[in-house]
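Inspection log for the structure reproduced underneath, given as structure tokens.
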Amino acid sequence: MASDYDATDFVDGDLVSRRSAGPASAARAPSREEVDVKVAEAQQKLAELKRAQEELERERAALEETRRRQIELQTARQEMIHNLTRGLELLQEAEFSARRDAEQMAKALVDLREALGKIQGIHEESWNKENFSVELTRALTVLENARMEWNSARLKFTILNGELKSATEGLPPGGEQLTPLFGQYTFSDLCRLGFALTWPLFVIAFLALAALIVFLVRHG
């Protein structure tokens with residue numbers, strides 16, 4: 001029976017052949033063609049990564065530009081809303097003031113034209129002895145009313161005070177406040193003001209003198 005046993009029956013021939021051939025296969029160096037292929041693949045990957053980076057850079061620049069324009073839009077919108085709102089308020093106030101001044105000026109124009117017409121309607125050559133006193137009183141009243149209208153207009157509209165403005169241009173700041181009560185009037189204005197305050201006395205004295213003359217003429 002011992003002659004029937006063979007040790008080679010328990011040996012795997014394929015395993016033995018792979019073990020004997022393994023070290024030689026692992027030690028084999030890559031060929032030139034394989035290296036060239038690997039280099040080409042690496043360069044292609046680098047080129048792709050570079051293109052992707054450039055694309056990301058362009059996308060980032062576009063997003064930053066969009067963000068800048070959005071910030072500019074928001075800032076400009078807030079600024080214009082503030083400016084337009086404030087401008088509308090100022091213009092509305094100015095328009096209301098201008099309309100009020102225009103209405104007052106229109107009324108002053110009517111009053112001044114009426115006063116001028118009344119003064120131009122005084123014709124001393126048509127007076128006679130019988131109506132002299134009445135016409136004189138009426139004329140003085142017309143002149144006094146016209147003077148009141150004129151002074152009232154001068155207080156409301158500074159354009160009528162050109163000569164007074166030029167006289168105060170050389171004063172230091174606040175100098176107008178130190179001006180006496182009647183310092184803003186010229187000598188002729190003061191004379192007219194004095195005449196306006198005392199003309200009733202002149203009228204009474206004139207009427208008394210006229211009555212005295214008539215009395216003397218009739219009983220002379």
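Rule-based calculations on the coordinates, nothing more; no lab input. None of the values given here were measured: they were computed from a predicted structure. Cβ sites come from the backbone with ideal geometry, for glycine too, and all protein chains shown count toward neighbours.
The fraction of all Cα pairs in region 32-111 landing in successive 10 Å bins from 0 to the largest distance is 15, 16, 13, 12, 11, 9, 8, 6, 5, 3, 2, 0, given as whole percents. I'd like the FRET efficiency for Q92 and E55, computed as 1/(1 + (r/R0)^6) with the beta carbon distance as r and R0 of 41 Å, rounded to 0.05. Calculated value: 0.15. What the Cβ-Cβ distance of Q43 and L63 gives, at R0 = 25 Å and to the nearest 0.05, is a FRET efficiency of 0.25. Given a Förster distance of 30 angstrom, what is the FRET efficiency for I159 paired with T85, based on the Cβ-Cβ distance and rounded to 0.05? Calculated value: 0.35.
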